[in-house]
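Following: one structure in structure tokens, then a few remarks.
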Amino acid sequence: MTQVVVATQYGGPEVLALVEEPSPTPGPGEVLVEVRAAGINPADLKVRSGAFGDDPAALPRRLGYEAAGVVRAVGDGSRWTPGDEVIAFRVQGAYASELVVPDDALVAKPASLGWEEAGGLMLTGATAVHALTATGVRDADTVLVHGGAGGVGQMAVQLAVVRGARVIATASPRNHDLLRELGAEPVAYGEGLAERVRALAPDGVDAALDLVGTDEALDTSLALVADRSRIATIANFDRGPAEGIRVLGGGPGADAGDDVRAAARPELARLAGEGRLRVRVAQSFPLERAADAHRAVADGHVGGKVVLVP
Ligand SMILES: NC(=O)c1ccc[n+]([C@@H]2O[C@H](COP(=O)([O-])OP(=O)(O)OC[C@H]3O[C@@H](n4cnc5c(N)ncnc54)[C@H](OP(=O)(O)O)[C@@H]3O)[C@@H](O)[C@H]2O)c1
């Protein structure tokens, strides 16, 4: 049998339930993965609450876009072999002890990368690659990252450093040492943000990534970056389109970037396997505590990835 977390209705964390289902069988071009860790992302909370659609016919609804695990069975024509250690992204319903996914949703997990880190690597990593690519961040740029200590933010900071950029990143003061460890110069968000960034970068900021969605993040970016095509938001879908900046992800008027994000996976795995891209796992929970895991993510200041471990 397979254990699966489902949303029984749309609502708060309490709608999550653990159910048992018969083990699935992979069809042609599919793989059965025994899940060792599944990453939780804010988008999962929006699926659960109904913010991404509240069709009753879709209930009970599975959750989770990413996982790491071991291939247990393969369908005809698969390039994978039972025993392979893999990362699955982007998939549907990753909060489970077993999962059937299409062959091409998998990349090899580096042996040096832990299960929990691998399970929480891809969604934030691929989003960060998309944001850095869309804004053309490169060597010699100074880039401002709003929300540098968040899941996406930690990836964006480290990947911008890998590209050779100078990174200034916002976070709560308690996360400033973490940002320094990741290679960024920290600044506190809140009143006076633009002045604090100007003091650090009197010659200007070349690009800005809003990974938070506040008016402050957007207004500061617009004030400091001359070229609007070098400002991206992944979280302000209300104002972003009208401001002429890059709006990335799902939602009307946004660039989903599916190809960029899928293409980023092998490189993300390689960098993480080499220890050049750190996944900071803030908390992990068993499947039966998925509701508590969602509460931790809803806090908005968890300081890394929250993962489920079957
Ligand atoms: N469009 C897409 O493709 C896409 C993909 C992934 C995520 N997202 C969205 O992007 C956002 C971040 O996701 P995540 O996984 O990184 O979330 P997360 O790990 O919960 O991080 C949230 C971050 O927001 C910061 N923050 C909270 N309140 C703030 C404020 N008032 N001003 C400035 N920063 C503030 C936190 O900083 P401190 O902890 O330092 O206070 C933390 O760094 C979410 O809204 C998520 O839905 C979009």
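A few remarks follow.
- Taken over region 121-133, the criterion of being of a type outside the set (Ser, Thr, Tyr) and open to solvent by less than 20 Å² (accessible area, probe 1.4 Å) is satisfied by 121, 122, 125, 126, 128, 130, 131, 132.
- Picking from residues in region 43-59 that are open to solvent by less than 40 Å² (accessible area, probe 1.4 Å) and charged (D, E, K, R), the one that is nearest to residue 9 (Cα to Cα) is 48.
- Within the option set 70, 74, being open to solvent by 30 Å² or more (accessible area, probe 1.4 Å), more than 21 Å from residue 7 (Cα to Cα) and of a type in the set (A, V, I, L, M, F, W, C) holds for one residue only, 74.
- Filter pass, residue 142 being of a type in the set (S, T, N, Q), surrounded by fewer than 24 Cβ atoms within 10 Å (Cβ to Cβ) and closer than 20 Å to residue 227 by Cα: yes
- Those residues of region 199-243 which are surrounded by fewer than 16 Cβ atoms within 10 Å (Cβ to Cβ), of a type in the set (Asp, Glu) and either at positive phi or not in a helix (DSSP H, G or I) (or both), in sequence order: 203, 227, 238
- Pairs where the first residue, in region 232-255, is over 13 Å from residue 135 (Cα atoms) and the second is surrounded by 15 or more Cβ atoms within 10 Å (Cβ to Cβ) and polar (S, T, N, Q), C-beta under 6 Å, 6+ apart: 240/233
- Hey, residue 105 open to solvent by less than 10 Å² (accessible area, probe 1.4 Å) and away from the ligand (no atom under 15 Å from the Cβ) or not: yes
- Taking residues in region 145-156 that are of a type in the set (S, T, N, Q), and partners anywhere that are within 6 Å of the ligand (Cβ to nearest atom) and open to solvent by less than 10 Å² (accessible area, probe 1.4 Å), the pairs with Cβ atoms closer than 8 Å and at least 6 places apart or on different chains are 154/124.
- Here the condition is being away from the ligand (no atom under 15 Å from the Cβ) and open to solvent by less than 20 Å² (accessible area, probe 1.4 Å); of 118, 171, it holds for 118 alone.
- Selection status of residue 162, touching a residue at least 40 places away in the same chain (Cβ under 8 Å) and near the ligand (Cβ under 9 Å from one of its atoms): no
- Taken over region 257-304, the criterion of being among the basic types (Lys, Arg), out of contact with any Pro (no Cβ under 6 Å at 6 or more places or on another chain) and part of a helix (DSSP H, G or I) is satisfied by 261, 265, 270, 289.
- Of the residues in region 30-38, at least one is open to solvent by 30 Å² or more (accessible area, probe 1.4 Å), away from the ligand (no atom under 16 Å from the Cβ) and under 17 Å from residue 289 (Cβ atoms).
- Criterion: within 13 Å of the ligand (Cβ to nearest atom), among the charged types (D, E, K, R) and open to solvent by 80 Å² or more (accessible area, probe 1.4 Å) - qualifying residue of 191, 181, 195: 191
- Among the conditions (1) more than 15 Å from residue 308 (Cα to Cα); (2) in contact with a helix residue (DSSP H, G or I) (Cβ under 6 Å, 6 or more places away or on another chain); (3) among the charged types (D, E, K, R), the only one that residue 36 does not satisfy is (1).
- Residue match in region 148-157 (condition: modelled with pLDDT of 95 or more, open to solvent by 10 Å² or more (accessible area, probe 1.4 Å), under 29 Å from residue 44 (Cα atoms) and away from the ligand (no atom under 11 Å from the Cβ)): no
- Sole exception among (1) without any contact (Cβ under 8 Å) to a residue 12 or more places away in the chain; (2) within 16 Å of the ligand (Cβ to nearest atom) for residue 49, by number: (1)
The values are calculated or read from the model by the stated rules, or taken from the named source; none is laboratory data. Everything numeric in this text was worked out from a predicted model, so none of it was measured. Backbone-built Cβ (ideal geometry, glycine too); neighbour counts: all protein chains shown. When the accessible area is computed, the model is the full protein with side chains, heavy atoms only, and any ligands, DNA or RNA have been set aside. Shrake-Rupley method; radii C 1.70, N 1.55, O 1.52, S 1.80 Å.
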